[in-house]
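Right, one structure below, let's go through it.
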Amino acid sequence: MPQQQPVTLRQTLPLLSLLWFAGLYLRIPILVAPPLAPHIAADLALSQALTGALTTLPVLMLAVGAMPGSLGIARMGPRATLALAIVVMAIGSSLRSVAPEVGTLLAASAIMGLGIAIMQPALPALLNVWFQPAHLALGTAVYMNGMLMGEFIGAGITLPVLMPMLGDSWRVTVAAWSLPAFLVAAALFLPRAPASRPVARPAWVPDWHNPLTWKLGLLLGASGSMFFGTNAYLASLLDARGEAGALDQTLFWFNLAQVAASLVMLRTSRRWVGRRSLIVLMLVTAIVSLALFLLTRGPLSIAFAFVMSFTAGILLILVVALPPLLSHRDDTGRLAAGNFTIGYTLSFAVPMLGGVVADFSGAPVVALIVMVVYAALMVPVALKLELRMPASRNDA
């Protein structure tokens, strides 16, 4: 099979645009559920638990679906896998808009989450096909910017902007967010987007004996558990300390910080990615900031929440950018799949454990302390992280 040449600099901009839109759909379908949840619950008579499952079920699928993504990359190549995953995500998300009852709604949400989960390892694997090594960090920063913008856009403009324009129908609003994803999948096959081929040896199961698989996954779990866990327990924490009125403002700045982190990484990715010292610095700063958030009140507390989210966001991008840099092209998908499987399992399990401990103790603050402790235990992992590039890149 002839060698496929990576794209030139001239082709970079349209491909970066495709990556950004693909990144956008890593989060928008999930994050439109919380603002629409009251309308969906009223229409379908959902309990509190089932209403929460509209968001938590897709997040859980992010861990479950990573390994099928690796299999798809090995058998079909990363571009075809990414396009298929976007189509699966779009079908599942669109089916939510016509779900007649709760069972169908949850099944559609699970299908949507599976599609998003398969997208995750396909994106870093595709970077090694589309870009020269010098542009890998930029490509990661671009699609991660799309992902984090998707969090902010999906949660921020669904209710105040999009839904009123669509007759205040949650069903039409869900469809309006979902259907454009089919265009993104089709655009992946434009002539200027180079084809990606299946690998010569279809190894797809993550190498669980590779320490890098576990180290990167554990660090992803630290970033994810602090971000998702703080979001989950923020209302209970503020209410317990008499600051319930600050919830909207704190959530705004907390989630905006992730967007700010992605914008910073767009400018600095080529200099910052691959530096262990920065991974350690961001992890330690996030831990200290979360601890100070728990110890302070008022505007100072909000400032520490912003810093924690900002540094956790940079940590996320620094870690997600590593598989294309630290592995041969044929192994990038399964390394990323292993990272995401471990990372998102922990992002779900650590906050859940914190909630159980908080219920037992009766103090919501304990839930976040559990996340601080877990993240602190990951500092030695970051300090021992070896970031050696492969001696030769398997681009044949």
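Before moving on, here are some points about what is shown:
- With 5 Å bins beginning at zero, the pair-distance distribution over Cα atoms of the stretch 310-396 amounts to 3, 12, 16, 21, 17, 12, 9, 5, 3, 2, 1, 0 %.
- Computed magnitude of the charge dipole of the stretch 300-388 (debye, nearest 20; Cβ of K, R +1, Cβ of D, E -1): 160 debye
- Rolling a 1.4 Å probe over the heavy atoms of the protein chains gives the chain an accessible area of 40 Å² per residue.
- Under the simplified labelling scheme, the L295-A260 pair shows an inter-label distance of 2.1 nm, with each label point 7 Å from Cα along Cα→Cβ.
- Around the Cα centre of the chain, unit charges on the Cβ atoms of Lys, Arg, Asp and Glu (plus for the first two, minus for the last two) sum to a dipole of about 1340 debye.
- Magnitude of the charge dipole for the stretch 12-168, about its Cα centre and with charges confined to Cβ atoms of Lys, Arg (+1) and Asp, Glu (-1), is about 420 debye.
- Size estimate for the stretch 2-160 follows the Kirkwood approach: the inverse of mean 1/r over distinct Cα pairs works out to 16.4 Å.
- When the Gaussian network model of the chain links Cα atoms closer than 10 Å, the mean-square fluctuations of G146, G229, G113 top out at G229.
- Around F293: net Lys/Arg minus Asp/Glu count, Cβ-Cβ under 15 Å: +1
- Equivalent ellipsoid semi-axes, the chain, via Cα gyration tensor eigenvalues times 5, rooted, Å: 32, 26, 18
- With q set to 0.18, 0.20 Å⁻¹, the log10 of I(q)/I(0) for the stretch 89-195, from the Debye formula over equal scatterers at the Cα positions, is -1.02, -1.16.
- GNM result for the chain, Cα springs below 10 Å: residue of I157, I279, I111 fluctuating most strongly: I157
- Interatomic Cα distance distribution for the stretch 208-334, bins of 10 angstrom, percent: 13, 41, 29, 14, 4, 0
- The label point for A240 and the one for V205, both projected 7 Å from the Cα toward the Cβ, are 4.2 nm apart.
The values are calculated or read from the model by the stated rules, or taken from the named source; none is laboratory data. The structure presented is a predicted model; accordingly, all values stated were derived computationally and were not measured. Quick reminder, even Gly has a Cβ in these numbers, built from the backbone with ideal geometry, and neighbours come from all protein chains shown. Surface accessibility is based on the protein's heavy atoms, side chains included, excluding ligands, DNA and RNA. Shrake-Rupley method; radii C 1.70, N 1.55, O 1.52, S 1.80 Å.
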